[in-house]
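Take a look at the structure set out below.
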Amino acid sequence: MDLSRKLAILADAAKYDASCASSGTDPRDSRGGSGIGSTEGMGICHSYAPDGRCISLLKILLTNHCQYDCLYCVNRSSSNVPRAKFSVEEVVALTLDFYRRNTIEGLFLSSGIIKSPDFTMEQVVRVAQVLREEHDFRGYIHLKTIPDASEELLQRAGRYADRLSINVELPTDEGLKELAPEKDTAAIHRSMGRLRLHIDDAKEAHKASAAVPIRVMPGATARPARPPRFAPAGQSTQMIVGADASDDRSILRSSAALYVRFRMRRVYYSAFSPIPDAAQALPLKAPPLVREHRLYQADWLMRFYGFDHEEIVDDGTGLLRLDVDPKHAWALAHPERFPVDLNVAPREMLLRVPGLGVGSVDKLIVARRVRRLRAEDLKQLKVPARKVLPFVIVDGHRPGAMLTATTSLAARSASPTDLTDPTTFPAMPMPMQMGLF
Ligand code: SF4
């Protein structure tokens with residue numbers, strides 16, 4: 001099979017993985033004349049699918065052969081898709097070629113499992129090793145890690161990759177048992193725990209070495225060599241939404257536990273896509289993409305706005321409202337907490353006002369130290385006044401009837417229909433994976 005055909009198959013097979021953002025790693029580049037690639041700055045191409053997901057164009061599988069039979073996966077052993085396998089050298093050559101053409105920002109490499117988890121992981125790690133050691137590649141590398149791979153391979157993967165990820169796949173253990181019986185939540189968590197320890201140790205060692213002062217006096221000992229790196233952009237994971245019956249509350253509960261227990265940098269949510277010849281246990285239709293979007297917004301509220309996962313979905317349905325964003329929905333469900341006085345409210349409460357982001361809140365706090373805020377000031381501070389004013393008090397403005405009108409309007413717009421049924425939502429463009437061809 002020629003390389004273009006392999007690329008077509010293995011890029012297409014990787015499209016269901018949403019976790020490809022390249023944030024948070026060490027800045028590196030080749031401006032000094034040595035090496036190739038960069039993790040930042042000009043020349044790095046980011047692409048966005050119509051649904052807003054960031055997609056790295058060289059997102060491929062090493063192979064889509066797989067001995068496992070996860071029901072939700074297009075590459076499962078019983079699937080009737082064309083199969084292909086790259087060699088290590090082919091992936092290295094493609095990465096360098098696309099990088100030189102300025103088409104990609106790095107490599108996102110995953111794989112189906114062939115022969116054994118260790119055999120597969122060895123080849124995945126080898127790609128990163130050859131890129132780093134033989135080609136001095138300084139671009140971004142994200143490796144998907146196979147949970148059952150050996151400790152030694154995990155360690156090597158962390159040495160070469162910027163980010164490592166292990167997919168938790170489904171929000172609950174029961175869901176995983178039902179749809180991917182060969183996978184084991186305990187093994188996934190064990191590997192995530194190991195990654196967390198290695199990442200923490202590497203950070204500590206790095207801090208300790210940076211704290212040693214450089215002495216230039218004759219006879220003084222030189223600063224010790226920098227400790228080896230280990231996945232400086234941390235670990236992430238992905239959860240499939242809508243393949244099992246888990247509601248948004250259990251999805252967010254599961255994410256919150258992953259953030260705390262394994263210090264995940266990101267939990268990615270990927271709306272389930274119906275696959276050819278799907279098993280009967282799977283839904284026939286994809287969930288509305290807006291559900292995935294609302295989960296990302298709720299995730300943001302947990303990480304940056306001080307919301308607890310239990311209060312984001314606090315009604316009886318267990319689902320996020322799809323017609324308004326989760327912060328707005330929380331405000332409408334808690335009229336007793338509003339209006340908020342922008343001149344005196346603490347930061348935690350300002351962060352709960354719909355329309356106020358972290359940056360706007362910080363600007364408001366600085367501005368109110370100088371003088372009392374009025375409605376006109378919001379425009380100057382680039383705060384969306386129309387969204388914010390129904391929920392706040394400033395000098396010369398009290399929302400009064402405005403707050404009531406906003407609340408009842410939102411209550412009317414809440415759909416009484418089944419929120420999990422995509423047919424009850426306005427038509428949205430179907431997302432399409434960016435293609436290499
Ligand atoms: S192990 Fe990965 S590639 Fe293989 S069937 Fe399961 S999800 Fe798909």
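The values are calculated or read from the model by the stated rules, or taken from the named source; none is laboratory data. Predicted model only: the values in this text are computed from it and were never measured. Cβ sites come from the backbone with ideal geometry, for glycine too, and all protein chains shown count toward neighbours. To get the accessible areas, we keep the full protein, side chains included, count just its heavy atoms, and leave off ligands, DNA and RNA. Shrake-Rupley method; radii C 1.70, N 1.55, O 1.52, S 1.80 Å.
The set of residues from the stretch 63-83 being in contact with a strand residue (DSSP E or B) (Cβ under 9 Å, 6 or more places away or on another chain) and surrounded by fewer than 20 Cβ atoms within 10 Å (Cβ to Cβ) comprises His65, Arg83.
Within the span defined as the stretch 66-84, every residue fails to be away from the ligand (no atom under 16 Å from the Cβ) and not basic (Lys, Arg).
Would you check if Tyr99 is crowded, with 21+ Cβ neighbours inside 10 Å, touching a residue at least 24 places away in the same chain (Cβ under 8 Å) and in a helix (DSSP H, G or I)? Here the answer is yes, as Tyr99 does meet what is asked.
Say we look at the stretch 322-338 and pick out the residues that are charged (D, E, K, R) and under 22 Å from the mean Cα position of the chain (by Cα); which of these is most open to solvent (accessible area, probe 1.4 Å)? Checked the stretch 322-338; the qualifying residue most open to solvent (accessible area, probe 1.4 Å) is Asp325.
Restricting attention to the stretch 57-73, which residues are part of a loop (DSSP other than H, G, I, E, B) and under 16 Å from Lys6 (Cα atoms)? Answer for the stretch 57-73, where residues must be part of a loop (DSSP other than H, G, I, E, B) and under 16 Å from Lys6 (Cα atoms): Leu57, Leu58, Leu62, Asn64, His65, Cys66.
Looking across Pro390, Pro431, Pro346, Pro426, one residue alone is open to solvent by 80 Å² or more (accessible area, probe 1.4 Å) and either modelled with pLDDT of 90 or more or within 22 Å of Gln297 (Cα to Cα) (or both). It is Pro426.
Tell me the residue from Leu197, Leu170 that is under 22 Å from Ala257 (Cα atoms) and exposed (fewer than 14 other Cβ atoms within 10 Å of the Cβ), please. Residue meeting the stated conditions: Leu197. The residue that is farthest from the ligand (Cβ to nearest atom), counting only those in the stretch 94-122 that are within 24 Å of Asn75 (Cα to Cα) and of a type in the set (Val, Ile, Thr), is Thr95. Selection over the stretch 290-328 of residues that are in a helix (DSSP H, G or I) and either touching a strand residue (DSSP E or B) at 6+ places or on another chain (Cβ under 7 Å) or touching a residue at least 24 places away in the same chain (Cβ under 8 Å) (or both) gives a count of 20.
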